[in-house]
Amino acid sequence: MAILTLDRPERLNTLTQSMVEEFAAASAEAHRDPDVRAIVLTGAGDRAFSAGGDLRDLLPPAIQARADLLNPDPTRRFLSGVFTPVVAAVRGFCMGAGFELLLGCDLRIVSDDAVFGLPEPRWGLIPGDGTHLRLPQQVPWAVAMELLLTGASIDATRALAVGLVNQVVPADQVMDRALEVARRLAANGPLAVQTSKEIVLRGQNLEPGFALEHALNSRVLGSADAREGVRAFLAKDTPEFTGT
């Protein structure tokens with residue numbers, strides 16, 4: 001078993017470019033290791049799985065380049081090439097890019113105080129890490145569109161009700177329960193488990209949709225609204241969007 005931890009608790013485990021690259025390398029390494037039969041993904045501390053991307057780190061270069069720099073391969077997203085089963089252990093905030101990471105996980109154990117959401121549209125942005133393809137496949141259409149379009153968040157109770165997560169447990173039990181689930185997965189035939197996941201992932205044929213999302217996200221990142229949203233976020237101001 002491998003445990004991958006988003007380790008930036010002082011900033012609610014918000015993701016920087018280097019963290020994204022390190023996560024991609026670590027998850028790929030775990031996938032290649034025949035001794036790793038299950039992966040547990042969690043966040044350090046007790047306040048957040050991940051509150052999203054660190055906009056101060058990620059967005060200025062993307063806005064300047066007018067392109068999605070986070071996904072160098074437009075057909076791949078978080079965990080999309082990992083066939084080893086991944087269990088998410090979530091406490092607290094699971095927002096933005098953290099939410100997108102969650103969507104790449106297979107089983108989700110979350111605390112009763114967990115909160116889920118995609119705040120990007122409030123800042124003139126879109127969640128560009130596969131969410132437009134993954135989320136409507138994982139929850140009802142109306143719920144997916146509510147999350148994608150409004151920037152509103154939902155609590156753990158509603159996340160369980162709409163099928164976004166598997167179990168809601170007290171916060172101090174999240175990791176123990178996730179490890180229990182991971183051990184159960186690891187006790188099964190590894191070839192059978194990984195093949196089942198591979199069939200599901202490859203059968204969804206998400207790569208063309210990921211490429212479309214990548215191209216259109218670059219269009220948004222090149223917009224005046226994106227520049228205004230980043231300005232407002234950094235200034236803690238209210239953005240004034242023009243639709244351009």
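Worth pointing out:
- Placing a label point 7 Å from the Cα of Gln17 along the Cα-to-Cβ direction, the residues of the range 129-143 whose backbone N falls under 19 Å of that point are 129.
- The fraction of accessible area contributed by carbon and sulfur in the range 37-76 is 48 percent, rounded to a whole number (1.4 Å probe; ligands and nucleic acids excluded).
- For Val169, solvent-accessible area (1.4 Å; no DNA, RNA or ligand), Å²: 10 Å²
- Take the Cα of Arg32, go 7 Å toward its beta carbon, and none of the backbone nitrogen atoms of the range 187-221 fall under 13 Å from that spot.
- Convex hull volume per residue for the range 1-63, taking Cα atoms only, in Å³: 75 Å³
- Counted over the chain, the DSSP beta bridges are approximately 10% antiparallel.
- Taking one quarter of the surface of the convex hull spanned by the alpha-carbon atoms of the range 51-176 gives a direction-averaged projected area of 7.9 nm².
- When Ile126, Ile154 are compared by accessible surface with a 1.4 Å probe, the order from highest to lowest is Ile126, Ile154.
- Distance between the range 53-78 and the range 179-244 - C-alpha centres, whole angstrom: 11 Å
- Accessible surface area normalised per residue over the range 111-180 is 44 Å², counting heavy atoms of protein chains with a 1.4 Å rolling probe.
- Stokes-Einstein D for the range 144-229, Kirkwood Rh over Cα pairs, 25 °C, 0.890 mPa s (µm²/s): 144 µm²/s
- Column: log10 I(q)/I(0), Debye, Cα scatterers of the chain, q = 0.12, 0.13, 0.15 Å⁻¹: -0.66, -0.77, -1.05
The values are calculated or read from the model by the stated rules, or taken from the named source; none is laboratory data. On a predicted model such as this, the values are computed, not experimentally measured, just so you know. Positions of Cβ are backbone-derived with ideal geometry, glycine not excepted, and every protein chain shown enters the neighbour counts. Keep in mind that these areas ignore ligands, DNA and RNA; they rest on the heavy atoms of the full protein, side chains included. Shrake-Rupley method; radii C 1.70, N 1.55, O 1.52, S 1.80 Å.
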